[in-house]
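Okay, structure first, notes after.
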Amino acid sequence: MSQPIQLVIQITARPGRGKEQVAAFERLAPLVRAEEGCLQYDMHQVSDDPDRFVLIERWASEGALAAHDATPHMIEADAASPAFRAGPAQVIRLDPRPLA
């Protein structure tokens, strides 16, 4: 059995545009959470910066993550994000094995 895929995604909005990132996430989250294989999809704001965010994603399999990336709502969200994001999101893929 394969391990879940775990991602930590760092997002920085353009200065003063963090509210647009929050609004985009609020529209997108219910769609993503309803996808087959989505185990977690939660965004947190960095406590001292209203324009920085961390998104935590967990997917049941590589196939579920690939299907997620190809959904119309993700393609649309990716196309719209440059309007309010400072640059591309930084995706960090975690090793599924805990260290201790």
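The helices (runs of 4 or more DSSP H) falling completely within segment 18-100 that include 3 or more residues that are out of contact with any helix residue (DSSP H, G or I) (no Cβ under 7 Å at 6 or more places or on another chain) and surrounded by 14 or more Cβ atoms within 10 Å (Cβ to Cβ) map to 18-33, 62-69. Being within 19 Å of Glu76 (Cα to Cα), touching a Gly at 6+ places or on another chain (Cβ under 9 Å) and in contact (Cβ under 8 Å) with a residue 12 or more places away in the chain: is that true of Leu28 here? When the stated conditions are applied, Leu28 does not pass them. Residue-level check: of (1) of a type outside the set (A, V, I, L, M, F, W, C); (2) more than 23 Å from Glu20 (Cβ to Cβ); (3) in contact with a His (Cβ under 9 Å, 6 or more places away or on another chain), Glu57 misses just (2). Looking only at segment 1-17, which residues are polar (S, T, N, Q) and assigned to a strand (DSSP E or B)? Of everything in segment 1-17, those that are polar (S, T, N, Q) and assigned to a strand (DSSP E or B) turn out to be Gln6, Gln10, Thr12.
Any residue at all in segment 9-30 that's in contact with a Leu (Cβ under 7 Å, 6 or more places away or on another chain) and either within 28 Å of Pro96 (Cβ to Cβ) or of a type in the set (Phe, Trp, Tyr) (or both)? Spell out how you get there, then give the answer.
Let us first name the residues in segment 9-30 that are in contact with a Leu (Cβ under 7 Å, 6 or more places away or on another chain), namely 9, 11.
When the remaining residues are screened for being either within 28 Å of Pro96 (Cβ to Cβ) or of a type in the set (Phe, Trp, Tyr) (or both), the result is 9, 11.
Yes; the residues of segment 9-30 include at least one that is in contact with a Leu (Cβ under 7 Å, 6 or more places away or on another chain) and either within 28 Å of Pro96 (Cβ to Cβ) or of a type in the set (Phe, Trp, Tyr) (or both).
A Cβ distance below 8 Å, combined with a sequence gap of six or more or placement on separate chains, defines the contacts here; from segment 45-56, residues that are closer than 9 Å to Thr12 by Cα reach residues that are surrounded by fewer than 16 Cβ atoms within 10 Å (Cβ to Cβ) and among the small types (Gly, Ala, Ser) in the pairs Asp51/Gly16; Asp51/Ala86.
Read-outs: derived from the displayed coordinates by stated rules, not from any lab. This is a predicted model, so every value here is computed, not measured. As a convention, Cβ positions derive from the backbone with ideal geometry for all residues, glycine included, and neighbour counts pool all protein chains shown.
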